[in-house]
1. Working out 0.36 nm times the residue gap between Met121 and Glu46, then minus their Cα-Cα distance, what length gain in nm do you get to one decimal?
2. Roll a 1.4 Å probe over the protein heavy atoms and report the accessible area of Val110 in Å², nearest 10.
3. Rounded to the nearest percent, how much of the accessible area of the stretch 18-81 (1.4 Å probe, protein heavy atoms only) is carbon and sulfur?
4. What accessible area, in Å² to the nearest ten, does a 1.4 Å probe give for Glu36?
Amino acid sequence: GATKDMGKMLGGDEEKDPDAAKKEEERQEALRQQEEERKAKYAKMEAEREVMRQGIRDKYGIKKKEEKEAEAQAALEANAEGSLTRPKKAIPPGCGDEEEEEEESILDTVIKYLPGPLQDMFKK
């Protein structure tokens with residue numbers, strides 16, 4: 001009998017359990033079922049917590065973070081009227097009415113303060 005066991009250890013013929021595949025499948029199914037039960041339990045617990053949180057928010061007049069953000073966004077959109085950037089500020093009279101010559105002079109002023117090699121790059 002000892003030689004037969006030694007043969008198994010060395011990788012010889014093993015007697016396969018005919019029900020092994022069936023048992024493994026049942027084990028996997030049991031694990032899946034446990035996982036689903038656990039998820040259902042936690043979803044139920046979270047729903048109960050959310051009800052309690054909502055009660056507290058109602059009592060103290062607190063808004064959820066998403067609601068605050070949605071209201072802030074709505075207010076911004078109402079102010080911006082289709083603008084993709086932040087709300088426009090009123091421009092004082094006399095600002096921005098001049099021609100584009102001023103922009104060039106600003107660029108020239110900036111170039112004057114750059115080191116020599118950089119000045120050459122901008123002049124080309």
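The values are calculated or read from the model by the stated rules, or taken from the named source; none is laboratory data. Everything quoted here is computed from the prediction, not taken from an experiment. For the accessible areas, the whole protein counts, side chains as well, though only heavy atoms, and no ligand, DNA or RNA atoms are used. Shrake-Rupley method; radii C 1.70, N 1.55, O 1.52, S 1.80 Å.
1. On the way: separation 75, 0.36 × 75 = 27.00 nm, distance 6.25 nm.
Roughly 20.7 nm would be gained on extension.
2. Only protein atoms counted, so the area is about 80 Å².
3. Details: 3180 of 5900 Å².
Carbon and sulfur atoms account for 54 percent of the accessible area of the stretch 18-81.
4. Approximately 120 Å² of Glu36 is accessible to the 1.4 Å probe.
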